[in-house]
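Taking it in order: structure first as structure tokens, then the write-up.
Quick note: the coordinates plus some simple rules give every number you see, no bench work behind them. It should be emphasised that the depicted structure is a prediction, and the values quoted were computed from it without experimental measurement. Backbone-built Cβ (ideal geometry, glycine too); neighbour counts: all protein chains shown.
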Amino acid sequence: MRISPRVPLTRAAFVTLSYTWSPRASCVHAILLLIAFLLAPTLGWAQQTLEDQALEQQGLTRAGAGWTGAVGAGLEVSPRYPGANTDRTHPVPLVSVDYGGRLFLGPLGIGIAAVRWNGFRAGPVLGFERGRYASDDPRLAGLGDISSSITAGAFAGYSSGRLAISATARQAISHSADGLSALLQVDWRCALPGARTFVTAGPDLELGDGNYERTWFGVSPQQSTTSGLPVYAPRGGSNRLGLHAAVTHRASRHILLRLFARLSDITGDAARSPIVERRTQISVGAGIAYHF
């Protein structure tokens, strides 16, 4: 059995910069877009869930009349895998690009807001998910590696004032047996005095179908033989409930400083998996991005 990664929807928006069209600037932005898309999978998105990536990217861009975006990186301390009892420090990308609120590049991949109406946005998205390695943690020995996969799905979100509600679903397509994952998220956004620091916080819920849950939290008979863990076949449903918070500080016209944290609890059948050593998962991180 293959084991699949998870990756993610919401892009809360707080910073707006004007853009003036010019062929040279358009070329630069197109190059940045291409570099971000090609390099993002190698900059720490391995083993990240939809929840992870949504948290890191929130507040980096806001839909404008033309191109807006941010490209940067940071460090995060997080569990080695969902349910791990040990943590790791790893680089994370802070990459988010938007064109006119219609086309975006971010934690989901490349998406199009095909529907836009009174604060509601929805559309398709094409992305990439990297895999998990059995060598990442002794608990994973004998379970095999995660298969990387191209993913396809859809997103929907509604924003009004300080409140934003969003959902996304992504199906692995190049390794379809890896299954379907989804993220539901609520964000409350506010600006601190001075309008240079913005805070986002709220709850989130992650779900997966049967294939996804068995891929991430299951143990097949073959894996049981090689790992020594008991056979386990979880059903689809919720696998994580959490609280997230992020702070974005505009240090200058183009420089954004970023802090983010998340507390989550593994739930449902996933919580009873022999792979899970610690249900409570905590992640904290910081980074810097260039806004254009």
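Put a dot 7 Å past the Cα of SER135, heading toward its Cβ, do the same for ALA201, and the two dots end up 4.1 nm apart. Among VAL186, VAL92, the ranking by other beta carbons within 10 Å of each residue's beta carbon, starting with the fewest, stands as VAL186, VAL92. FRET efficiency for the pair ALA233 and ILE112, taken as 1/(1 + (r/R0)^6) with r the Cβ-Cβ distance and R0 = 30 Å, rounds to 0.25.
Averaged over residues, the count of other Cβ atoms within 10 Å places the peptides 112-121, 150-159 in the sequence 150-159, 112-121, highest first.
Ranking of HIS291, HIS249 by neighbouring Cβ atoms within 10 Å, starting from the fewest: HIS249, HIS291.
Here ARG272 and ALA73 are evaluated by their C-beta separation; at R0 = 30 Å the FRET efficiency comes out at 0.25.
Each residue of the stretch 214-220 is assigned a 3J(HN,Hα), and the resulting list reads 5, 5, 7, 10, x, 10, 6 Hz, derived from the Karplus form 6.51 cos²θ - 1.76 cosθ + 1.60 (θ = phi - 60°), x at Gly and Pro. Close amide H contacts of SER174 (hydrogens built in the peptide plane, cut-off under 5 Å, sequence separation of 5 or more or a different chain): ILE150. Each of LEU140, LEU259 was scored by other Cβ atoms within 10 Å of its Cβ. Listed from fewest to most, they are LEU259, LEU140.
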